[in-house]
Amino acid sequence: MDKPLILGICGSPFSGGNTEQLLRFALEVAEKEGGIPEFVALAGKNISDCRQCNWCCKKQTENQVCFIEDDADGILKKMISADVVFMASPVYFGRVTGTMANFIDRCRSLVFGAKFKGIMRNKIGGAMAVGWMRNFGLETALMTLYQSLLMLEMIPVSHHHSGVGFGVAGVSTPGGTGKADPSNKLSILSDTYALNGARELGRRSVELARIIKTGILSLSSKE
C-alpha cells in the first residue's frame, strides 16, 4: 500500500511562529507513523477571497482550479493530491485568520467545481488552533476549521488530548495566561496539552488514512 500523503496548511500570516511549530510537530509524528508530510505556509502568499462567480462550476479544468490566478490554485492542487489535510490557524478575534478564511472560501471550488466536484470526499482532515490565552476563541476557531472539513465531505480526525473536546488547541503564552515571556517566542513547545494533541492527530490521521485506503481497495477488488 502506498504511504499516505499528509498536507499541513498553516494559516498564520507569519513564518516560524507558534502555529507553524505545532503543525510541523504533528507532521513529524505522521511521518514517523509512515506518512509522507508536506508543509505549506499561507504567510507571504497572495490569496484573494472567493468571488462566488461560479466559474469553477462551469469552466474548471485540470490545470486551473479557480478563475482567480493567485497562490491559492497551487495549494488547492496539493489538497487534491493529498490523502490527509491538516488546517492550522492562530486565533484572531475569536476565529481563524483572515488569510485562512480566504483560503477556506476558495475550497468551494473542490465542492462544486466542474472537474473536481467532491474530490475531497473520504479524505482525512484535522484541525489545529493556537491562541494567546486558553479558552479565548480556540474552540470557535476549531469549529470553523472542522465545519470546513465537513463541507468538503472529509472525515475529521478528533480526540480529546489537548484540553478541548475535539481537535488540537494550544496556547502561545506560558500556561495560557496571556502574559508573554520575551525570552521565549515559542511557548507552544512547552504546552504539554497541545503537543499531546498534535501527537495523537499525527498518529490517528495515518491510521485512518490506511483504513480508508484499505477499504477502497477492498471494495474495488469486489466489483
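The residues of the stretch 33-58 that are closer than 11 Å to Ile6 by Cβ and either of a type in the set (Lys, Arg) or touching a strand residue (DSSP E or B) at 6+ places or on another chain (Cβ under 6 Å) (or both), listed by number, are Gly35, Ile36, Pro37, Glu38, Phe39. Applying a threshold of 8 Å to beta carbon distances and a minimum spacing of six or more residues, or different chains, the list of pairs starting in the stretch 139-155 at a residue that is in a loop (DSSP other than H, G, I, E, B) and ending at one that is surrounded by fewer than 19 Cβ atoms within 10 Å (Cβ to Cβ) and not small (Gly, Ala, Ser) reads Leu152/Val111; Leu152/Arg121; Glu153/Val111; Glu153/Arg121; Glu153/Asn122; Met154/Arg121; Met154/Asn122.
Working only within the stretch 50-85, note down all residues that are within 18 Å of the chain's Cα centre (by Cα) and either free of Cβ contacts under 8 Å to residues at least 60 places away in the same chain or more than 22 Å from Phe14 (Cα to Cα) (or both). The answer is Asp71, Ala72, Asp73, Gly74, Leu76, Lys77, Ile80, Ser81, Ala82, Asp83, Val84. Residues of the stretch 102-115 that are of a type in the set (A, V, I, L, M, F, W, C) and free of Cβ contacts under 8 Å to residues at least 60 places away in the same chain: Ile104, Cys107, Leu110, Val111, Phe112, Ala114. For the stretch 10-26, residues that are surrounded by fewer than 23 Cβ atoms within 10 Å (Cβ to Cβ) and out of contact with any helix residue (DSSP H, G or I) (no Cβ under 6 Å at 6 or more places or on another chain) total 5. Filtering the stretch 81-94 to residues that are crowded, with 17+ Cβ neighbours inside 10 Å and in contact with a helix residue (DSSP H, G or I) (Cβ under 8 Å, 6 or more places away or on another chain) leaves Asp83, Val84, Val85, Phe86, Met87, Ala88, Ser89, Pro90, Val91, Tyr92. Checked against (1) closer than 15 Å to Ala127 by Cα; (2) in a loop (DSSP other than H, G, I, E, B); (3) among the basic types (Lys, Arg), Lys179 passes all but condition (1).
Among the residues making up the stretch 176-223, those that are of a type in the set (Asp, Glu) and without any contact (Cβ under 8 Å) to a residue 12 or more places away in the chain are Asp181, Glu223.
Out of curiosity, is Ile9 closer than 18 Å to Glu200 by Cα and either in contact (Cβ under 8 Å) with a residue 24 or more places away in the chain or in a loop (DSSP other than H, G, I, E, B) (or both)? Yes. Here is a check on your reading of the model: is Val111 among the hydrophobic types (A, V, I, L, M, F, W, C), more than 22 Å from Gly137 (Cβ to Cβ) and in contact with a Phe, Trp or Tyr (Cβ under 9 Å, 6 or more places away or on another chain)? In short, no.
Rule-based calculations on the coordinates, nothing more; no lab input. Source: prediction; values computed, not measured. All Cβ positions, even for glycine, are placed from backbone atoms using ideal geometry, and neighbour counts span all protein chains on display.
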